[in-house]
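Here's the structure, in structure tokens; my notes come after.
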Amino acid sequence: MAFDGLFIYSLLKDLSPTLTGGRLSKIYQPFDKDLIFVFRKERKNYQLLISANAQYPRMYLTSQTMNNPDKAPTFVMVLRKYLEGSILQKIDQVGLDRIVNFHFSNRNELGDQVKLVLSVELMGRHSNVILYDQASGHIIDLLKRINPDENRARILLPKAKYELPPLKPGLNGLEIDKEQFDKLKQQYDDPAELVKKIDGLDRDDRQELLGYLEDDYSEKSFRTFFDQFETPKAFVLLSPKNKRKIFPYLPYHLDLQKESSDSDLNHALDDFYEYQANRDWVKQRAAKVEGVVKNEKNKLSKKIIKLKKHLDLAENSEGYRIRGEILNANLHLVKPGMKKIALPNYYDDNKPIEVKLDEALSPARNAQKYFTKYKKLRDSIKHVNEQIKIAQENLNYFDSIQTAIDNADPQDIDQINVELQNQGYIRKQQRNVRRKKITEKNLNKFKLSSGKIVLVGKNNYQNDWLTLKKANKTDYWFHVKNMPGSHVILRDDNPSAQDILEAAEIAAYFSKAKLSAHVQVDYVQDKRVKKPNGAKPGFVIYTGQNSIEVTPDEKEVMQKKLVEK
């Protein structure tokens, strides 16, 4: 389950007392459908994420760091005008529906107190965030403006009267007492029929409640199920197909395997959605960059195929020379108007060989044509090999860009975009595109079981900076063998075999081979790593390396990651 009515009810058990009474100090929209509200209460900041993402609409307190865009969208500007500095009076839920109202108190330009409501509707593709005036009921603005022809149930535009979406009436299981339950049991002999009438349940909750009632069709069993939502904890479970699900209680009647538990539901939600949300945010920011990478890789792949065909033709061009020589030796046999002739091949026991002719040319000119084509093909071999090498290097470069995108956090995409602009693959939006200064905070940082620190670059600029500027010459440098991947620095001049193994696993994980079982990783002291003049970002050469074969494991690698506070 995730963010059905009962899940939201459980979440508000913690969210309401934490945020109510807090002052809203900052609002920004880091991504298209995601909003961040920073509340200040009792000298602490709380960062609330509200997402109207169609696939996984959600809200919870997050500790993730997200950049505040330079230019705020219109909706954020409106929210800042009306809500920044306001006090959150209360949070309530509409019944057991997926609608949560945040009630704010603020003062307008005249100093008069106004009451505003931020309504968060977590309803799949119809999810929205709507700000309206509580007194008049008129919408001030909303995240998704919907044209009347797209939604005839209600008008979702500024100045329209705010109305609730059409809601299906159901029974609130939290409010049903023993007397009411006994009446319902008489009305519904089959517990499955009663479960269908209960509000706020998704499919998993319905199955779980039905399991309780099939075991014991009583008010006690019914109440046991619903009491779990009053004191929620977080449980992450795996389906038979390894799909992760999060619950505010531990289900017993579903075919799920427990993965983890957490007493803090908000914290668990932050962890649960971190990877998926991160990938989604990266995908949004990297759409243009990935389009360029895909296009360039397609062009280079086709170019390499074409060049290799030409090379194959050039390396097998002896047939042109042989035909030219045989034709020269038998010019007297060629008659005017002939388009081809079979002549004895003295290179192959005088077996006949077919020689095509241009009837517009003399026999001698036909022979010369074969020699010219032979010479042209032979002379092109060196050039074609050079072109194949350049094209392959460029293809490897774009593979490294794609690997960087796959391993990127949302804030890293801007740096990758600047790199492609500086390399001339994306048109610059301004005259001088400046790179932001890279620091250790930009890197991924890990702590090995021995306590030693490992630094990992997340894109080509970071890789160059880490290897060529940050690392000590005696530190150890790791990189997956013959494949795109991050530069990895083990900050130690005398690592143990276990240190080398763990650092190599990190290097393998942050590479194109992260899903492979057997990955070769090279390692060498940083002083043996050099960057050739004119080489593209991230490209280096090295000598004297050793290699180790590892199998990267995401869970083991990420357990070693240090989070900057």
query: Of all residues in the stretch 465-496, which are open to solvent by less than 10 Å² (accessible area, probe 1.4 Å), closer than 12 Å to Ser511 by Cβ and in a strand (DSSP E or B)?
result: Phe478, Val480, Val488
field: Boolean, Lys13 is open to solvent by 20 Å² or more (accessible area, probe 1.4 Å) and either outside any helix (DSSP H, G or I) or modelled with pLDDT under 90 (or both)
entry: no
- prompt: What residue, of Lys437, Lys447, Lys452, is open to solvent by 10 Å² or more (accessible area, probe 1.4 Å) and in contact with an Asp or Glu (Cβ under 6 Å, 6 or more places away or on another chain)?
  reply: Lys452
- prompt: Name the residues in the stretch 178-198 that are touching a residue at least 24 places away in the same chain (Cβ under 8 Å), surrounded by fewer than 19 Cβ atoms within 10 Å (Cβ to Cβ) and in contact with a strand residue (DSSP E or B) (Cβ under 9 Å, 6 or more places away or on another chain), would you?
  reply: Lys197
query: Is it true that some residue in the stretch 86-104 is within 21 Å of Ile50 (Cα to Cα), among the aromatic types (Phe, Trp, Tyr) and surrounded by 12 or more Cβ atoms within 10 Å (Cβ to Cβ)?
result: yes
- request: For the stretch 368-389, enumerate the residues that are under 36 Å from the mean Cα position of the chain (by Cα) and surrounded by 13 or more Cβ atoms within 10 Å (Cβ to Cβ).
  value: Gln387, Ile388
field: So Leu131, is it farther than 28 Å from Leu174 by Cβ, at pLDDT 95 or above and outside any loop (DSSP other than H, G, I, E, B)
entry: yes
- request: Output the residues belonging to the stretch 292-347 that are surrounded by fewer than 16 Cβ atoms within 10 Å (Cβ to Cβ) and small (Gly, Ala, Ser).
  value: Ser301, Gly319, Ala329, Gly337, Ala342
- prompt: Going by the conditions given, is Gln462 within 20 Å of Pro552 (Cβ to Cβ) and buried (at least 21 other Cβ atoms within 10 Å of the Cβ)?
  reply: yes
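Results for (1) among the acidic types (Asp, Glu); (2) at pLDDT below 95; (3) surrounded by 13 or more Cβ atoms within 10 Å (Cβ to Cβ), shown as yes or no for each residue.
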position	(1), (2), (3)
Asp202	yes, yes, yes
Val236	no, yes, yes
Tyr252	no, yes, no
Gln257	no, yes, no
Leu265	no, yes, yes
Lys288	no, yes, no
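Can you list the helices (runs of 4 or more DSSP H) found entirely within the stretch 150-266 that contain at least 1 residues being in contact with a Ser or Thr (Cβ under 6 Å, 6 or more places away or on another chain) and of a type in the set (Phe, Trp, Tyr)?
Details: elements: 178-187, 191-197, 203-215, 219-227.
By residue number, 203-215.
Filter the stretch 380-419 for residues that are in a loop (DSSP other than H, G, I, E, B) and closer than 15 Å to Asn460 by Cβ and give the result.
Taking the stretch 380-419 and keeping what is in a loop (DSSP other than H, G, I, E, B), we get 407-409.
Residues satisfying the conditions are Asn407, Ala408.
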- line: With criteria (1) in contact (Cβ under 8 Å) with a residue 40 or more places away in the chain; (2) under 26 Å from Lys233 (Cβ atoms), Glu42 comes up short on (1)
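The values are calculated or read from the model by the stated rules, or taken from the named source; none is laboratory data. Every value quoted in this text rests on a predicted model; they were computed, and no experiment measured them. Virtual Cβ from ideal backbone geometry, glycine too; neighbours counted across all protein chains shown. For accessibility, only protein heavy atoms count, side chains too; no ligands or nucleic acids. Shrake-Rupley method; radii C 1.70, N 1.55, O 1.52, S 1.80 Å.
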